[in-house]
Amino acid sequence: MELDESIVALKALAQDTRLVLFRLLVQAGPEGLPVGELAARLHVPDSTLSAHLRVLRTAGLVRDERRGRVIQCHADYARMDALLAYLTENCCAGGGACAPVPVCKTLPSPGAQVHATLPRARQRR
């Protein structure tokens, strides 16, 4: 990943709703979540969710696919891993004190806690 791509991805995640949205998709695993469920979990209007998804899509962090009348959104794990690798590329200046960056290959466990909503003060109705 290049510097410009990293800046775009970090800018996309530097907003509370988009960060929560991206985390929900990461926690959902490869199957992802339908747009309607994302809107319900985040308590945001469809147009607002659409705008946030567009920013994440442009950054390459989210992709979606149409399944009949449903749009299913997925986190792009390869892009997320590339961003993490870029951020930790020269971790600890090669001194060996840091652990290597793990690559996201496993699904979240069924009992994993999902951060489903914004903090109460930030919820939109």
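The values are calculated or read from the model by the stated rules, or taken from the named source; none is laboratory data. Note that the coordinates shown come from a computational prediction; the quantities given were computed from them, not determined experimentally. A quick note on method: Cβ atoms are made from the backbone with ideal geometry, for glycine too, and the neighbour counts reach across all protein chains shown.
Can you give me the number of residues within the stretch 10-29 that are in contact (Cβ under 8 Å) with a residue 24 or more places away in the chain, part of a loop (DSSP other than H, G, I, E, B) and surrounded by fewer than 15 Cβ atoms within 10 Å (Cβ to Cβ)?
Initially, the stretch 10-29 is screened for residues in contact (Cβ under 8 Å) with a residue 24 or more places away in the chain, giving 10-13, 15-18, 20-29.
The next check asks that each one be part of a loop (DSSP other than H, G, I, E, B); those that pass are 15, 29.
Among the residues that remain, those that are also surrounded by fewer than 15 Cβ atoms within 10 Å (Cβ to Cβ) are: 15.
Total meeting the criteria: 1.
Within the stretch 12-24, identify whether any single residue is over 12 Å from the mean Cα position of the chain (by Cα) and at pLDDT 95 or above, and answer yes or no. Write out each step before concluding.
We begin by selecting, within the stretch 12-24, every residue over 12 Å from the mean Cα position of the chain (by Cα); these are none.
So far as the stretch 12-24 goes, no, none of its residues is over 12 Å from the mean Cα position of the chain (by Cα) and at pLDDT 95 or above.
Within the stretch 42-64, which residues are touching a strand residue (DSSP E or B) at 6+ places or on another chain (Cβ under 8 Å) and either modelled with pLDDT under 95 or part of a helix (DSSP H, G or I) (or both)?
Correct list: Leu53, Leu56, Arg57, Asp64.
The conditions are (1) in contact (Cβ under 8 Å) with a residue 60 or more places away in the chain; (2) crowded, with 19+ Cβ neighbours inside 10 Å; (3) part of a helix (DSSP H, G or I), and Ser6 fails exactly one of them. Which is it?
(2)
For residues that are closer than 24 Å to Glu5 by Cβ and touching a His at 6+ places or on another chain (Cβ under 9 Å), scanning just the stretch 30-68, find the one that is surrounded by the most Cβ atoms within 10 Å (Cβ to Cβ).
That would be Val62.
Applying the selection to the stretch 69-114, what residues are in a loop (DSSP other than H, G, I, E, B), at pLDDT 85 or above and within 20 Å of Leu21 (Cα to Cα)?
Of the residues in the stretch 69-114, the ones in a loop (DSSP other than H, G, I, E, B) are 69, 76, 88-90, 95-114.
Within this subset, residues satisfying the condition of being at pLDDT 85 or above are 69, 76, 88.
Answer for the stretch 69-114, where residues must be in a loop (DSSP other than H, G, I, E, B), at pLDDT 85 or above and within 20 Å of Leu21 (Cα to Cα): just Asp76.
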